[in-house]
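**Student:** My structure is below; once you've seen it, I'll send some questions.
The values are calculated or read from the model by the stated rules, or taken from the named source; none is laboratory data. Source: prediction; values computed, not measured. For neighbour counting, all protein chains shown are included, and Cβ atoms are generated from backbone atoms with ideal geometry for every residue, glycine included.
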Amino acid sequence: MRQTGLALSTREPEASEFGWRPGDFVLRNAWFAVAHSPDVSGRPLLRMVHSQPYRIWRGEDGRIQASTSRQNAGYTFDKARFEPAPVSERFGHVWVWFGNVEDADTDLIPDIPFLAFDRAPPEYARGFNYFHSTYELVLENILDLTHVDFVHGSFRGASHPAEDDEVKFESTSETVTMIRTTRGKPTSQYQREVLGVTADVQDQTLFAHVFIRSGMCFLHSRYSAAPSIPLMQTNTPESRTLTRANYAFGIEQTTSHDYRRAWPQTASMIGEQDESVLRPQNPRYLDIAPRADFSTRFDAAGLHYRQRHNALVARQKAGDFGYIPGELNAPGLADTFGVFRPE
């Protein structure tokens, strides 16, 4: 089921992509990381997944508990009928299961190869943003690694042409990975002014890995003259028009202590830049009849994401909510990203 592809030629989308409409279908049977573990106490915390409310809290023994209401019709929120929900604590996050309770299996929690299994990053290395958009559009935006040149140019490097620019992608039925490699890319304003990088240009490799059902994503980049830290972002669909993006940085992946402190501070600013793109884009898909989107070779992973998403929708409409073995957590992802599991 695994597919790979090199940079594609400029083209219009294929007919199978015309029917992609974000927010039209709710994919089920997935774990969602809805809160950072240190934020959960004995007082119930409310989180939403696809407009379904979850209450999460710690019992007297310190263990995570959760309840949810699946029968909201005819009830006010205060009188909604809550019942126990599958919940787990892993990688410094609290995960709830959205879907058929009998299918809940913690082996289906996405593996995060650069975060410790049983502890959270320090407070300065975690947080959250909100996007007024469907989570499908958030993921498509993330897989467009060229958007960082235009939307986040001051942090990642301006849109000036590089000496060489190659895009590759790999996918399974549950994930899409995009890798962009550039040579001779201008050093960003942030790297010059904050990190003191003196090189005018440098080589970069940017990675984006998304989980289609849950919206989870990993982002990482490697530079020839600057450090970088991998990022995990949850992109939980609270509703059809609102996505909560809890994030956590794998700060152990760099030896630069100053950079560990400096880079996480940019998360809110980068989030605001993404919001400026996503918020006006969302109603154009929800309120306007579908039409063809023009694209370039750099959109290869995003277009493939649409195809994979549509395939999952078709499977679930037919009553198949299962996972194909080996299609969720790729064993070689840590090597691809160049990261390690902290102790």
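**Student:** In the range 246-263, which residues are buried (at least 21 other Cβ atoms within 10 Å of the Cβ) and more than 20 Å from PHE117 (Cα to Cα)?
**Tutor:** TRP263
**Student:** Something else: Can you find, within the range 273-303, the residue that is modelled with the lowest pLDDT among those that are more than 16 Å from the chain's Cα centre (by Cα) and acidic (Asp, Glu)?
**Tutor:** Only one residue tops the list, namely ASP293.
**Student:** I would also like to ask the following. If I go through the range 303-343 residue by residue, how many of them are exposed (fewer than 12 other Cβ atoms within 10 Å of the Cβ) and over 15 Å from GLU174 (Cβ atoms)?
**Tutor:** Final tally of qualifying residues: 6.
**Student:** Name the single residue, out of those in the range 184-209 being in contact with a helix residue (DSSP H, G or I) (Cβ under 6 Å, 6 or more places away or on another chain) and part of a strand (DSSP E or B), that is nearest to GLU140 (Cα to Cα).
**Tutor:** Residue satisfying both the conditions and the ranking: ALA208.
**Student:** Turning to a different aspect of this structure: Within the range 201-237, restricting attention to residues that are among the aromatic types (Phe, Trp, Tyr) and under 15 Å from the mean Cα position of the chain (by Cα), which residue is farthest from GLY23 (Cα to Cα)?
**Tutor:** My answer is PHE207.
**Student:** Criterion first (hydrophobic (A, V, I, L, M, F, W, C), in a loop (DSSP other than H, G, I, E, B), crowded, with 23+ Cβ neighbours inside 10 Å and within 17 Å of the chain's Cα centre (by Cα)) does ILE112 satisfy it?
**Tutor:** Spelling it out, ILE112 is indeed hydrophobic (A, V, I, L, M, F, W, C), in a loop (DSSP other than H, G, I, E, B), crowded, with 23+ Cβ neighbours inside 10 Å and within 17 Å of the chain's Cα centre (by Cα).
**Student:** OK, next. So which of THR134, THR106 is of a type in the set (S, T, N, Q) and more than 17 Å from the chain's Cα centre (by Cα)?
**Tutor:** THR106
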